[in-house]
Amino acid sequence: MSTQILDPISATKNRKKVTTLDFLRMKQRRQPISMLTAYDYPTALAMDQAGIDSILVGDSLGMVVLGYPDTLSVTMDDMLHHCKAVARGAHASLLIGDMPFMSYQVSPQEAVRNAGRFLQEAGMDAVKLEGGRDRQDAIRLIVSAGIPVMGHIGLTPQSVHQLGGYRLQGRNSAEARRLLDDARILQDAGCFSLVLESVPSQLATLISQELEIPSIGIGAGPGCDGQVLVTHDLLGLFERFTPRFVKQYANLSQEMTLAFNQYSQDVREHRFPANEQTTYMADEEWQSFLNSIKRYQPVAIVNN
Ligand code: KIV
């Protein structure tokens, strides 16, 4: 088996910026769109270099990075802070900022003002917001301001209390019909794409086929035009629970615990820092320093 060695730096240099228009073209060419969440500079850099089409600074931030029980406590300030870090790391991927709870529900005017901050202050290319028909006025106004909007229907975590938990949506005919109508309404309102979360596979496929804009699925099966995962689930960095639809590609939580444990033992047993991690002053400078403070006995230095 041959292993392909990726040169990440040249891979990024050759990458062109992904735009919302590219999303549309990819759907037309039946080319699947890859999207992942990121919340910080090094992760965004790695994703950009790995060729991920789009990075979502999701409000899942609240759960997987900030340790809240759900996404409801995440604020505009939290989101803008993390979006700025991601924008410093990623240059080619399409960057999407997730609008937090209560930043777009009060009025379309407040929604457009908050959406604008993601582009003007935080370097995002687009915003995402949750909800169906009830959000169409806000979406229209944001889009009319020149800001691309990604919709999000199915399981919408900001409505977890209304939905009665993190449950599959669109399980019966009436619910499925409502989701299909919502998808069409969001497309008509001007969304360039939409997330379908926790929806039965047949329904997600049908909605994707009905729409001209690309659907990005999470827990919605292989029939969507693209896929997104919460990166901490994919990397095994969030242990509170792992949804059934997640494919875990690494167990970084275990790796981190191992590394921290080894470091702690090295410190306790004087193995860290060793000589290669230590810098010394030149002998004559050291002597001159000792003379200057009138110390005639050189201090013993322990070399590992
Ligand atoms: O906040 C988030 O990470 C999301 C994805 C799950 C789509 O909305």
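For the reader, a short list of remarks on this structure follows.
- Ratio of the Cα radius of gyration of segment 20-159 to 2.2 N^0.38 Å, where N counts its residues: 1.00
- Restriction of the trypsin sites (Lys or Arg not before Pro) in segment 15-52 to DSSP coil positions whose beta-carbon has at most 15 other beta-carbons within 10 angstrom yields R15, K16, K17, R29, R30.
- Listed residue (P100, M76, H161) projecting farthest to the positive dipole end of segment 58-180, Cβ model: H161
- Among A204, V112, T43 - extreme Cα towards positive end, dipole of the chain, charges at beta-carbon: A204
- Relative to the longest principal axis of the Cα atoms of the chain, the long axis of helix 41-50 lies at roughly 70 degrees.
- This model, with +1 at the C-beta of Lys and Arg and -1 at the C-beta of Asp and Glu, gives the chain a dipole about its Cα centre of some 560 debye.
- Helix 201-210 axis versus longest C-alpha principal axis of the chain: approximately 70°, rounded to the nearest ten.
- Computed over the chain, the P(r) tail beyond 34 angstrom holds 32 percent of alpha carbon pairs.
- For the chain, the per residue solvent-accessible surface stands at 55 Å², with DNA, RNA and ligands left out and a 1.4 Å probe.
- Which of T257, T279, L186, positive extreme of dipole for the chain (C-beta unit charges): L186
- Report note on the peptides 54-61, 196-203, 166-173: ranked by the mean count of other C-beta atoms within 10 Å, highest first, their order is 54-61, 196-203, 166-173.
- Relative contact order of segment 148-304, taken over Cα pairs closer than 8 Å and 6 or more residues apart, is 14 percent.
- Theoretical FRET efficiency, 1/(1+(r/R0)^6), r = Cβ-Cβ of V106 and H81, R0 25 Å, to 0.05: 0.70
- For the chain, the longest principal axis of the alpha carbon atoms and the long axis of helix 283-292 meet at an angle near 70°.
- Under a model in which nothing but the beta-carbon of Lys, Arg (+1) and Asp, Glu (-1) is charged, segment 115-259 shows a dipole of about 320 debye around its Cα centre.
- Within the accessible surface of the chain, defined with a 1.4 Å probe on protein heavy atoms only, the carbon and sulfur portion equals 53 percent.
- Averaging the sequence gap over all C-alpha pairs within less than 8 Å and six or more residues apart, then dividing by the number of residues, gives the chain a relative contact order of 13 percent.
- Each Cα pair under 8 Å and six or more residues apart adds its sequence gap; the mean of these over the residue count of segment 1-144 is a relative contact order of 22 percent.
- With R₀ fixed at 45 Å, the C-beta to C-beta distance from S144 to Y263 puts the FRET efficiency at about 0.25.
- Within segment 205-248: backbone nitrogen closer than 18 Å to the T19 label point (7 Å, Cα to C-beta): 213-214
- Gyration tensor over the Cα atoms of segment 108-257: the corresponding equivalent ellipsoid has semi-axes (square roots of 5 times the eigenvalues, largest first) of 26, 21, 14 Å.
- Once the Cβ-Cβ distance of F241 and E212 is raised to the sixth power relative to R0 = 45 Å, the FRET efficiency obtained is 0.80.
The values are calculated or read from the model by the stated rules, or taken from the named source; none is laboratory data. A quick note: this is a predicted structure, and the numbers were derived from the prediction, not measured. Neighbour counts run over all protein chains shown; Cβ positions are idealised from the backbone, glycine included. Heads up: the accessible areas ignore ligands, DNA and RNA and are worked out on the full protein's heavy atoms, side chains in. Shrake-Rupley method; radii C 1.70, N 1.55, O 1.52, S 1.80 Å.
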